[in-house]
Amino acid sequence: MFKLLSNVWNQFREYLVLVSLVIISLSLLTQNNNPQVQKVRAVAFGSFATVTSVFYDLFNITQLKNDNQVLRKLNAEMMIHLSMLREQGILNRELKGMLEIKDTTSLPLLPATIVSKSLSITQNTITINAGIKEGIKPGMPVLSYRGLVGIIQTCSENFSIARTIKNVDLKLTVKNENKRLNGIMKWDGEKLVIVDVPRTFDFDVGDRIVTSEISSIIPIPIPVGIVSNIEEDKTGLLNLIHIKPFEEVLSVENVFILMLVENTEKNNLELNFYNR
């Protein structure tokens, strides 16, 4: 034990002496009440506090920067997770609505997903991931659980292109569901309208519009939208009926194809044929 202490003393005696003297000096300073010594003591402790504060601030700023970086990363991760949860929630509501339709109807509905969209002012089309292999044919209606989306135009083996209701080349026969009044609906490049409606026809804002059974394309009533405005045309004899669609066709992602096609000969005799 004595040998160990002797070795420590021999190796670190200068440091030990310095520490001892510093401790003795500090002790004497704290016990001395001399005014000059008190001034020295105040200056010494003030300087020590200032230096300590500077170093503390430096270390604290570095730590704050590290903490902020960690928090920014955590916020970014939470933002991504929240966005993913919202996306899943929207998709879940859409698929739930589709399941409700599928479970409550005996109609031949084929579920499909939109894989691409061609959007313009007048020629809005969608491409879906089902085609001839699944039995799809031109003229079949495309719909969501909210309402009509469009009509199949062309098909390949595995994909199909559909004109949406916001396509100027698609004209459909529709009717006022309650008042049983028919008309031709089309997209004029800005809005969905029923054209050339006699002013004697009793349309009101809020009336529900569905596809008409006299249509050459769609044999059953499918919801389209509601009347949002009634505009008098330039002649003053006819009205333009503005329609707000139930489905925003430019944002829909999952659809059904109604696996029914009306008689081709009948299609060719009527105005709202699907292939011009």
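What is the residue count in the stretch 151-178 for residues that are touching a residue at least 60 places away in the same chain (Cβ under 8 Å), open to solvent by 10 Å² or more (accessible area, probe 1.4 Å) and closer than 18 Å to VAL197 by Cβ?
Total meeting the criteria: 2.
Restricting attention to the stretch 255-273, report how many residues are modelled with pLDDT under 80 and open to solvent by less than 40 Å² (accessible area, probe 1.4 Å). Can you show your working first?
Of the stretch 255-273, the ones modelled with pLDDT under 80 are 260-273.
Then drop every residue that is not open to solvent by less than 40 Å² (accessible area, probe 1.4 Å), which leaves 267, 272.
Result for the stretch 255-273: 2.
So, of the residues in the stretch 125-150 that are more than 22 Å from GLU248 (Cβ to Cβ) and among the hydrophobic types (A, V, I, L, M, F, W, C), which turns out to be surrounded by the most Cβ atoms within 10 Å (Cβ to Cβ)?
Looking only at the stretch 125-150, we keep the residues that are more than 22 Å from GLU248 (Cβ to Cβ), and these are 131-139.
From the residues that got through so far, the ones that are among the hydrophobic types (A, V, I, L, M, F, W, C) too are 132, 136.
Working: ILE132: 13, ILE136: 24.
Restricting to residues being more than 22 Å from GLU248 (Cβ to Cβ) and among the hydrophobic types (A, V, I, L, M, F, W, C), the top hit is ILE136.
Residues that are of a type in the set (A, V, I, L, M): which strands (runs of 3 or more DSSP E) entirely in the stretch 152-238 hold 3 or more of them?
Details: elements: 160-167, 172-176, 182-187, 192-198, 208-211, 223-232.
Where strands (runs of 3 or more DSSP E) fall fully within the stretch 152-238 and carry at least 3 residues being of a type in the set (A, V, I, L, M), they are 160-167, 192-198, 223-232.
Can you work out which of the residues in the stretch 208-254 that are small (Gly, Ala, Ser) and farther than 15 Å from ASN182 by Cβ is least open to solvent (accessible area, probe 1.4 Å)? Full working, then the answer.
Within the stretch 208-254, the first condition is being small (Gly, Ala, Ser), and the residues that meet it are 212, 215-216, 225, 228, 236, 251.
Then drop every residue that is not farther than 15 Å from ASN182 by Cβ, which leaves 225, 228, 236, 251.
Working: GLY225: 0, SER228: 60, GLY236: 19, SER251: 70 Å².
Once the filter is applied, the top-ranked residue is GLY225.
The values are calculated or read from the model by the stated rules, or taken from the named source; none is laboratory data. All figures in this text were calculated on a predicted structure; none of them were measured in a lab. Using ideal geometry, Cβ is built from the backbone for each residue, glycine included, and neighbour counts are taken over all protein chains shown. Ligands, DNA and RNA are stripped out before the accessible areas are found, and what is left, the full protein with its side chains, is counted by its heavy atoms. Shrake-Rupley method; radii C 1.70, N 1.55, O 1.52, S 1.80 Å.
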